[in-house]
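Below is one structure; the comments refer to it alone.
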Amino acid sequence: MWLLHPEFKEKFSDWWQECTVEGWEDHKFMRKLKFVKSKLKDWNKVAFGDLRERKNLILSDLGRIDLIEQEGNLNIDLVSERTLRRRELEDLLLKEEVHWRQKSKVKWIKEGDCNSKFFHRMANGRRSRKFIKSLISERGVTLSNIEVIFEEIVNFFGKLYSKPVGCLEFHTNGIINQSTNATFIAMVPKKSQTLKISGYRPISLVTSLYKIIAKVLSGRLRKVLHETISGSQGTFVEGRHILDAVLIANEVVDEKRRSGEEGVVFKIDFEKAYDHVDWGFLDHVLERMGFSPKWRSWIRGCLSSSNFAILASRGLRQGDPLSPFLFTLVADVLSRLLFRAEEIGLTEGFFVGRDRTRVSLLQFIDDTIFFSKASLEHLQNLKIILLVFGQVSGLKINLEKRTILGINTGQELLSSLALVFYCRVSEWPSSYLGLPLGGNPKTIGFWDPVVERISRRLDGWKKAFLSLGGRLL
């Protein structure tokens, strides 16, 4: 909306030159942005004011002139005034449309749709979904006061990251200034209509300047991940897709069934995976994988110069472009541990295909599925591997999400194997990454969960309000 104003670019340039700051370049850049932001707020009130109030005032004037015209008392001055006010209204409506389009956060093709109810519904819907109206505290008390809710959020995550507050001064190598790496945290619900504080996920909103730096680093890292990450990891690696992992998992389960051999499928999910990654372990992984000291110092600078963290040497920010790739490197260590254990006979996965290809696990970010021989000894060894990996990496298994499924196994054997991990026994068909696993894809019922999820996503759509471009998107 500001870009439509004829004086905007000139004023922005003047304000930018007006602010003089000493220090490092990134520090000066952030201070200038802060100065210009303050100026823009004041200028916005003068240049635009309240759009709704101005529109109502213009409509009132036009209504008054139309009433005079109906009475037959319209003169040349009023005609000129009406023409001028109509032009002002058209300009105001265009600004209002841009304002609501920006708030709706929908990607349209050029001038996609007009200023319809759809834009208002999108913007107001997002605000309604993100506003935390009430919470159930850890003590089971329902909180509705906004200040009490804020205090509960701070206390909950303060205990979650319970170690002493670490030194967050500027990193000794001076790579990224703290003002550049400043972060706001938004509380985003994991599921709709959640009430418990544990049902929210803290998402980091990083500065644009830091995001540029992180995207450059992540772009370089993405180019070499396929050379270092094992084939069991199906995410954030060029040429690998989420559907690949689901198809492989279904093929492995189906062939194991047809072979008549006993086996188990064990599914785990890491608890708050990004938050628990140990920085020292991550740096060690980067070193062992051959990344140079300079590169590792850049990564340390990105992690340690953030000025919102309250737990020293731990955690990756959700919302940071680098985080998914760094977590993938950490998770790959689990694959290497398991492959090494198989080589020395501690565990045994499934063998599929004519070439007897070994498949022991599949990973997609923090969702991991294991394929193992139905052996008590092998599962105990797998448990030890997971415990060791958790100790060195900082990751913890989510106790509520671990399940075991049997293939060609009796219920008694499966129950005894489940006791190794203290997990629940699940039944086929199951699901993996939100898609069916272990069922018959030729039956209609197999795809019911997929259809249901798509239907829920489409419920909020109002096709009548969408242009052709909107429907294509």
Listed peptides 219-225, 145-151, 442-448 by packing density, highest first (mean Cβ within 10 Å): 219-225, 145-151, 442-448
Most to least packed among 390-397, 16-23, 236-243 [average Cβ atoms within 10 Å]: 390-397, 236-243, 16-23
Sorted by Cβ neighbour density within 10 Å, fewest at the top, the residues Met289, Met187: Met289, Met187
Computed over the range 372-431, Cα set: Rg, Dmax in Å: 12.3, 36
Placed amide H near Asp367: partners under 5 Å, 5+ positions off or other chain: none
Cβ-Cβ FRET estimate between Ser144 and Glu18, R0 fixed at 45 Å, reported to 0.05: 0.50
Contour minus Cα-Cα distance for Leu337 and Val451 (0.36 nm per residue): 37.3 nm
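We did not get these values from a lab; they are worked out from the coordinates using the rules stated. Computed from a prediction, not measured in an experiment: that's the story for all the values here. FYI the Cβ positions are ideal-geometry reconstructions off the backbone, even for glycines, and counts take in every protein chain you see.
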